[in-house]
Amino acid sequence: MPSERRTAGITVAQRTQLRDYAKANPRLTQKQLQGWFQSQYQRLVTQPTISESLSAKYSYLDSSNLLVHDKQQRLRVAHWPDLEEALYQWVIRHEADIPISGDLLKRQAGRFWQRLAPYQGMDIPVFSNGWLAGFKQRHGIRGRIRYGEAAGVDEAAIAEQLAAVQAIARQYPPHDCYNCDETGLFYKSLPDRGLRTSRKSGHKADKSRITAHFCCNADGSDKVPIWFIGNAANPRCFGAASVQLSALNCVWRSNGKAWMTSQLMIDWLKWFSRRIGNRRVLLIMDNFSAHTLAVNIINETAPLQNITVVWLPPNSTSKTQPLDQGIISAFKTYYRKRWLTYMVEEFDCGQSPLRTMNVLKAIRWSILAWHSITPVTIQNCWYHSTLILRPDNQSEPLQSDVQLAIDAAAALITQLQQQNRITDAMAIDSFLSPVDELVQDTTDDIAEQIAQQFDQPEPESEDEVIIPKIQHQHAIQLLQQLRAYELQQIDGQYQLIELLEQHEASIKFRKASSSQQSVITSFFT
């Protein structure tokens, strides 16, 4: 590797950014690049420094495997980049809560070495003081002391932070004020304390769990498409039937534990930024470690220009986060009402709902549940959070759609119990919103979440029921039968009949296009 002269105080990170910017803007002259560098870093550099930085001498900086810190002027390459990246993330997540010594870093490095996939089967190296010093230098760790939640809850400080968040939130119109958070969903959970299949320890329990990441604005006009996180990259019920999740307007991601990680959160933030376009919005989040680390990483590299992130006070989200004031619980109520209905229907047909249920149904029902939450419900939850004020001329509705769904779910549980399908019915609140679905930070969870980023996701889930692929002609026949059924009803809906006619025409067009493409392909073959 070429040696580097320390000219003009330019750092490795700055030189790398300069090369990236020049590649993205190939028509800029070196003089124009000088101006960009000065505006970006408030530092003058000479034209020879620009020229030298863009030369082949520094082509090694284009590698994505180099670990550099913003203040470095000499490049220091990590021997074990995956391990150091995992350990750095671990430091960021814990430095506010626990004192981090050199010995603790070495011990955690050993744990990551045994856990991370790239080092499986390799002997644990000696993490020397020299390596430790290099790791700290590469990542700008200075042994700084910070005080966080572990020092105790300061109610006065929380009140002060909350007042600051409220003041910022009220500077934005409700449609530009967003909150995001995630929840676990045991999508096969049963309302029977004696048959809690989805909560047993072991592999089978994980197969029935997904994480759903939600985001909505304060007036309920924008319920952002859900990001789902599962533990299989391509569940069999997706691939076998050629399911296109884009048709459901959602996003699927995966890792071994179906958890939200910092990398997934980075992906979501960038996706959300593209989605809102040129609007300037406020995004309110809790200090879940995957959230904070993602924002820190983005701010160090390419800060989001159209999103202002504000953090809720620690230990307060159960009262101050809008999604936790009833939006997520409303989602779970609608979802589990549909799941209970499905259980009754499958038992009536002599089928086992646990056998025929799959993650694709869970996604479809989750999307329907998300769409079922009314803007009024969302607005009331934002008012309960105290982040925005309820208008003086508006009162809270007495009876909500959510309560009707809760009553319907309770009636379905009673029906299942009367049919001897369940023996020891759970309390309705415990079934609708289980405590073990909460997404929380623990020391072990944080280390595992970090390590999961370096794993290969499972290619498919073996215990999912495969949905047969529907051919064009079969779909046309089903539509014709449904249209005939609707025509035979006294209260038949002509709008639905027209929609069925239009959809049949679109399927026939797809069929014709598919046949034409097949002919063209066979000709060239």
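Quick one: in region 397-434, which of the residues that are outside any helix (DSSP H, G or I) and among the charged types (D, E, K, R) is nearest to S352 (Cα to Cα)? Result: R421.
Any idea which residue in region 108-122 is surrounded by the fewest Cβ atoms within 10 Å (Cβ to Cβ), counting only those that are free of Cβ contacts under 8 Å to residues at least 60 places away in the same chain, in contact with a Phe, Trp or Tyr (Cβ under 9 Å, 6 or more places away or on another chain) and of a type outside the set (A, V, I, L, M)? Break it down into steps so the answer makes sense when it comes.
Within region 108-122, the first condition is being free of Cβ contacts under 8 Å to residues at least 60 places away in the same chain, and the residues that meet it are 109-110, 113-114, 119-122.
Add one more test, that the residue is in contact with a Phe, Trp or Tyr (Cβ under 9 Å, 6 or more places away or on another chain), and what stays is 109-110, 113, 119, 122.
Now drop any that are not of a type outside the set (A, V, I, L, M), which leaves 110, 113, 119.
Values: G110: 15, W113: 21, Y119: 17.
Ranking the qualifying residues of region 108-122, first place goes to G110.
Give the number of residues within region 170-208 that are at pLDDT 90 or above, within 17 Å of K257 (Cα to Cα), not β-branched (V, I, T) and not in a loop (DSSP other than H, G, I, E, B). Break it down stepwise before answering.
Taking region 170-208 first, the residues at pLDDT 90 or above are 170-191.
With the extra rule that they be within 17 Å of K257 (Cα to Cα), the set shrinks to 182-188.
Right, trim to not β-branched (V, I, T) and you get 182, 184-188.
Adding the requirement that they be not in a loop (DSSP other than H, G, I, E, B) leaves 182, 184-186.
Selection size over region 170-208: 4.
Pairs only if they're at least six apart or on different chains, beta carbon under 6 angstrom, first in region 196-224 and farther than 17 Å from A362 by Cα, second of a type in the set (K, R) and at pLDDT 95 or above; list them, first residue then second. Qualifying pairs under 6 Å: C216/K223.
Residue by residue, here is whether (1) in contact with a strand residue (DSSP E or B) (Cβ under 9 Å, 6 or more places away or on another chain); (2) charged (D, E, K, R) holds:
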| residue | (1), (2) |
| --- | --- |
| A330 | no, no |
| Y335 | yes, no |
| W365 | no, no |
| H371 | yes, no |
| P391 | no, no |
| D407 | no, yes |
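Among the residues of region 109-160, those identified as at pLDDT 80 or above and assigned to a loop (DSSP other than H, G, I, E, B) are L116, Q120, G121, M122, D123, I124, P125, V126, F127, S128. No other residue among E486, E448 is surrounded by 12 or more Cβ atoms within 10 Å (Cβ to Cβ), more than 37 Å from the chain's Cα centre (by Cα), at pLDDT below 80 and acidic (D, E) apart from E486.
Out of the residues in region 11-36 that are among the small types (G, A, S) and out of contact with any His (no Cβ under 8 Å at 6 or more places or on another chain), which is nearest to E52 (Cα to Cα)? Checking each candidate, the answer is A22. Of all the numbered requirements in (1) outside any helix (DSSP H, G or I); (2) loosely packed, with under 14 Cβ neighbours inside 10 Å; (3) at pLDDT 65 or above, I10 misses one, and that requirement is (2). Would you mind telling me which numbered condition in (1) more than 22 Å from L387 (Cβ to Cβ); (2) part of a helix (DSSP H, G or I); (3) without any contact (Cβ under 8 Å) to a residue 24 or more places away in the chain S318 fails? Unmet for S318, out of (1) more than 22 Å from L387 (Cβ to Cβ); (2) part of a helix (DSSP H, G or I); (3) without any contact (Cβ under 8 Å) to a residue 24 or more places away in the chain: (1).
Okay, residues lined up against (1) outside any strand (DSSP E or B); (2) among the charged types (D, E, K, R); (3) surrounded by fewer than 18 Cβ atoms within 10 Å (Cβ to Cβ); (4) under 17 Å from the mean Cα position of the chain (by Cα):
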| residue | (1), (2), (3), (4) |
| --- | --- |
| T292 | yes, no, no, yes |
| T308 | no, no, yes, no |
| V344 | yes, no, yes, no |
| L354 | yes, no, yes, no |
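Checking every residue in region 514-522 against the condition of being outside the structural domain of N358 (by TED's automatic domain parsing) and either modelled with pLDDT of 70 or more or closer than 27 Å to I363 by Cβ (or both) gives at least one match. The criterion of being assigned by TED's automatic domain parsing to the domain that holds I378 and in a loop (DSSP other than H, G, I, E, B) holds for K257.
Residue count for region 273-289 under the criterion of being in a loop (DSSP other than H, G, I, E, B) and within 14 Å of C180 (Cα to Cα): the result is 3.
The values are calculated or read from the model by the stated rules, or taken from the named source; none is laboratory data. This structure is a prediction, so every number in the text was calculated from the model and none was measured. Quick reminder, even Gly has a Cβ in these numbers, built from the backbone with ideal geometry, and neighbours come from all protein chains shown.
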